[in-house]
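Some notes on the structure that comes next.
The values are calculated or read from the model by the stated rules, or taken from the named source; none is laboratory data. Keep in mind the model is a prediction, meaning the values are calculated, not measured. We place every Cβ from the backbone using ideal geometry, glycine too, and count neighbours over all the protein chains shown.
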Amino acid sequence: MTARETLLAEAAKRVLITDGAFGTEIQNYKLAEADYAGSLGLAKDQKGNNDILALTKPEVPEAIHRAYFEAGADIAETNTFSANRISQADYGAEHLVREINLASAQLARRVADEFQAKDGRPRFVAGAIGPTNKTLSLSPDVNDPGFREIDFDYLTDVYLEQARALIEGGADFILIETVFDTLNAKSGIMAVKSLEAELGREVPVMLSMTLTDLSGRNLSGHTVEAFWHAVRHAKPVTIGLNCSFGATQLRPHVKVLSEIADTLIMVYPNAGLPNELGAYDEMPDTTAALVREWADHGQVNILGGCCGSTPAHIAAMAKAVQGLAPRKVPVLEPVTRLAGLEPFVMAA
């Protein structure tokens with residue numbers, strides 16, 4: 001079976017679990033700049049360049065992957081959120097993009113296969129692609145609304161470079177996550193479609209939107225419904241929400257998405273909201289109880305954690321949803337669904 005078919009088969013049996021935060025887990029290792037830089041000889045300071053650890057200190061991301069699988073995760077997201085040409089330029093490491101993604105995917109694949117061999121339960125690798133620090137929909141110059149730092153074709157090429165290496169390294173899916181700009185996501189989709197043409201086969205895509213205000217919109221102004229209508233043509237294997245706020249604030253938006261999306265729903269919220277020092281105080285059992293409500297109401301297929309979540313949070317989630325029925329994917333009436341910032345549905 002293909003990766004899509006295998007994931008759908010597993011998701012029909014139970015609520016699946018994806019992993020949790022990587023950045024905060026890496027911070028726990030209190031690495032020095034020399035740990036990040038290794039022997040690569042890069043001119044710029046590398047401290048904080050989490051993605052480059054796949055090359056300079058791979059035992060760290062490997063240990064984190066291992067901890068999440070031991071906690072009960074079915075899916076590992078590669079440590080490649082900023083492993084793209086745009087973000088790596090901040091560290092003078094843009095020439096290492098292919099190597100970073102390839103190594104990260106290979107590492108996650110190896111650990112996933114090891115855990116699958118132990119019990120026969122399929123484990124998956126999602127090649128994580130972040131939004132970069134550029135936006136296609138908005139101008140960074142308040143005095144020039146028409147100005148854009150990059151264009152659609154350039155960003156598509158940036159995404160294609162990253163996706164190509166992730167799939168070559170063994171990723172099952174491309175996860176376009178933390179989508180704050182819907183046009184950025186469409187650029188990522190175009191990159192995946194180009195990769196499919198190169199490879200002559202499907203490359204399943206996962207899409208995850210992040211909300212920037214409590215009204216339920218991303219930074220480019222799209223509601224959850226409008227976002228889904230704008231990307232449904234890509235036939236993502238999962239659609240969902242991540243980061244944003246804590247699970248409490250996401251509840252109404254998860255409900256809406258679960259009712260309109262004819263694919264799997266994957267949600268991985270932050271562990272609450274950060275305190276004054278930027279740390280996350282929400283305890284694992286609290287987060288698990290909150291996300292269990294979504295499972296109790298048949299609204300999710302895959303659960304996990306974003307900022308502030310730990311292997312303990314993932315273990316608590318896995319325990320909380322054990323034995324609960326997964327969401328049934330709805331069969332929707334074939335009508336025309338369009339999107340501006342708001343959804344528009346033409347009744348049959």
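Laid out as a table, the results:
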quantity	calculated
Sole residue being of a type in the set (A, V, I, L, M), farther than 20 Å from ALA128 by Cβ, crowded, with 20+ Cβ neighbours inside 10 Å and over 17 Å from the mean Cα position of the chain (by Cα), chosen from ALA295, ALA279	ALA295
Subset tally (residues that are part of a loop (DSSP other than H, G, I, E, B) and surrounded by 15 or more Cβ atoms within 10 Å (Cβ to Cβ)) for the stretch 3-37	7
Leading residue by the ranking (farthest from ALA3 (Cα to Cα)) among those in the stretch 195-222 that are touching a Pro at 6+ places or on another chain (Cβ under 8 Å) and assigned to a strand (DSSP E or B)	LEU207
Residue within the stretch 156-166 that is touching a helix residue (DSSP H, G or I) at 6+ places or on another chain (Cβ under 9 Å) and under 16 Å from ALA76 (Cβ atoms) present	yes
Count of residues meeting criterion [farther than 18 Å from PRO326 by Cβ and either at pLDDT below 95 or crowded, with 24+ Cβ neighbours inside 10 Å (or both)] in the stretch 232-242	1
Checking ASP51 against (1) buried (at least 22 other Cβ atoms within 10 Å of the Cβ); (2) charged (D, E, K, R); (3) in contact (Cβ under 8 Å) with a residue 60 or more places away in the chain, the condition it does not meet	(3)
Search result, residues across the stretch 233-243 that are in contact with a Pro (Cβ under 9 Å, 6 or more places away or on another chain) and free of Cβ contacts under 8 Å to residues at least 40 places away in the same chain	LYS235, PRO236, LEU241
The stretch 243-285 - residue that is hydroxyl-bearing (Ser, Thr, Tyr) and at pLDDT below 95 and, of those, farthest from ALA21 (Cα to Cα)	THR248
Options ARG121, ARG66, ARG98; residue that is outside any helix (DSSP H, G or I) and either surrounded by fewer than 21 Cβ atoms within 10 Å (Cβ to Cβ) or at pLDDT below 95 (or both)	ARG121
Test set (1) assigned to a helix (DSSP H, G or I); (2) in contact (Cβ under 8 Å) with a residue 60 or more places away in the chain; (3) within 21 Å of ALA128 (Cα to Cα) - GLU225 fails condition number	(3)
Residue count, the stretch 282-292 (criterion: surrounded by fewer than 22 Cβ atoms within 10 Å (Cβ to Cβ) and either touching a helix residue (DSSP H, G or I) at 6+ places or on another chain (Cβ under 7 Å) or of a type in the set (Ser, Thr, Tyr) (or both))	5
The listed residue being within 16 Å of the chain's Cα centre (by Cα) and under 19 Å from THR263 (Cβ atoms), out of PHE227, PHE245	PHE227
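Residue-by-condition table, conditions (1) touching a residue at least 12 places away in the same chain (Cβ under 8 Å); (2) crowded, with 19+ Cβ neighbours inside 10 Å; (3) touching a Cys at 6+ places or on another chain (Cβ under 9 Å); (4) of a type outside the set (A, V, I, L, M, F, W, C):
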site: VAL158; (1), (2), (3), (4): yes, yes, no, no
site: ILE176; (1), (2), (3), (4): yes, yes, no, no
site: ILE189; (1), (2), (3), (4): yes, yes, no, no
site: GLY200; (1), (2), (3), (4): no, no, no, yes
site: SER220; (1), (2), (3), (4): yes, yes, no, yes
